[in-house]
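The values are calculated or read from the model by the stated rules, or taken from the named source; none is laboratory data. It should be emphasised that the depicted structure is a prediction, and the values quoted were computed from it without experimental measurement. So basically every Cβ, Gly included, is an ideal-geometry build from the backbone, and we count neighbours across all protein chains shown. The accessibility values were calculated without ligands, DNA or RNA, using every heavy atom of the protein model including side chains. Shrake-Rupley method; radii C 1.70, N 1.55, O 1.52, S 1.80 Å.
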Amino acid sequence: MKKIIVTGGAGFIGSNFVHYVVNNHPEIHVTVLDKLTYAGNKENLVGLPSNQVKLVVGDIADAELVDKLVQETDAVVHYAAESHNDNSLNDPFPFVQTNIIGTYTLIEACRKHNIRYHHVSTDEVYGDLPLREDLPEYGEGVGEKFTAETPYNPSSPYSSTKAGSDLLVKAWVRSFGLKATISNCSNNYGPYQHIEKFIPRQITNVLSGITPKLYGEGKNVRDWIHTNDHSSAVWAILTKGRIGETYLIGADGEEDNKTVIELILELMGQSKDAYEHVQDRSGHDLRYAIDSTKLREELGWEPEFTDFRSGLVDTIQWYTDNQEWWKSEKELIESNYAKQGQ
Ligand code: NAD
Ligand code: DAU
């Protein structure tokens, strides 16, 4: 493998993956295909060597463009998506268009040219698990986490379009022999994450003198993983994964939202209760938790950045040092949230 296409490589996780490839595999040429929506930013790729990374600004649903690029590559790693649940509740159409039609366009081109395809997806396709506190101390469901066998049960327009795209890939593997793998990862954090998302929103709220916002009571649990660990896992699956298989990516990082917001406040020198409760998200998933045994045992992958506290310290430092990266968007993001009572 010498050349790969990374769709969505100017977004949060895609750009971290491009940095990971450049830092660890200088022999690989990366073509980033990205539409540069509100969530994409060329700045995420600044400083990368121009002889190794090329940005093509375009839509993954543009069949002609995709066909031309795919026939010149060895593999496609597909990150591009509409990715934010709250946006999907306000306007689902772009999610259907990009996540479903976009994925369809890519896998059709990969099928035609017999190209290796890796599909980046989310644990949200499985719906949610009950909160541990609502389960009996011992007994059914207590140790339950998502595995590749968990039935699909998505809750939001975002997660249902991701589920739809996963199912397209599974069908293309079975019926057309597409050389594909799928990964379903839990919540990422780290540098370059758009400030609409929970952790960067609260960090940039504090830096802007805005009160941090917690949805509902904040009991919902997310299974946090540093985005660098997501990148190393995707690389392992791309290079060593078995075709047709699904691998779940997670780093045993379960935390409830209240704990996370309090930790951010503490690490930023604020009072731990200096936040406000705002309107809860409609259909809000309660808890995600990943069982990544298959990935660890089969491909020998292990996460490196498992100290959440120190990962948050670094992330806070990054948003503090890179205010020009997010400042111009802050007012618009917050005024849109305010219209929803959030
Ligand atoms: P993001 O919103 O930060 O970035 C998405 C990128 O895709 C942007 O650069 C955007 O410009 C690009 N894009 C959107 N529509 C496009 C189109 N039609 N054509 C070309 N490019 C387009 O998203 P993210 O958080 O980095 O997520 C990346 C992928 O990882 C998504 O597939 C998401 O479902 C998946 N994922 C995310 C998480 C998470 O915690 N954020 C966890 C698991 C999986
Ligand atoms: O699990 C993987 C998924 O994680 C990815 O597939 C999605 O692309 C990604 O956006 C993320 O989805 P979430 O909905 O879990 O992430 P978000 O950052 O939007 O919210 C995390 C939690 O924090 C969630 O329970 C809602 C809550 N929240 C969010 C915001 C923006 C708040 O309490 N306050 C907020 O201001």
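Numerical summary
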read-out	value
Candidate lysines - alpha carbon under 26 Å from K42, same-chain residues fewer than 8 apart omitted	K2, K3, K54, K68, K162, K197, K327, K330
Rg/Rg_globular for segment 59-102, with Rg_globular taken as 2.2 N^0.38 Å and Rg from C-alpha atoms	1.35
Debye intensity ratio I(q)/I(0), log10, segment 29-122, q values 0.12, 0.14, 0.15, 0.18 Å⁻¹ (C-alpha model)	-0.39, -0.53, -0.61, -0.86
Choice from F95, F17, F176 showing the highest fluctuation, given a GNM over the chain with Cα pairs closer than 10 Å	F176
Pairwise FRET efficiency - V96 versus K2, Cβ, R0 = 30 Å, nearest 0.05	0.30
Heavy-atom accessible surface of the chain: percent carbon and sulfur, 1.4 Å	49 percent
Among P136, P157, P26: highest mean-square fluctuation, GNM of the chain, C-alpha pairs under 10 Å	P136
Over the chain: Kirkwood hydrodynamic radius from C-alpha pairwise inverse distances, Å	20.5 Å
Under-5 Å amide H pairs with T122, H placed in peptide plane, nonlocal only	C185
Of E133, E124, E298, the one that fluctuates the most in a GNM where the chain has Cα springs shorter than 10 Å	E133
Antiparallel DSSP beta bridges within the chain, as percent of all bridges there, nearest 5	10 percent
Sequence of I264, I100 from largest to smallest accessible area, 1.4 Å probe	I100, I264
Calculated over segment 1-60: convex hull of Cα atoms, volume per residue (Å³)	69 Å³
Helix-derived mean residue ellipticity, 222 nm - over the chain, DSSP H n ≥ 4, -39500 (n - 2.57), to 500	-12000 deg cm²/dmol
The chain - accessible surface per residue (Å², probe 1.4 Å)	43 Å²
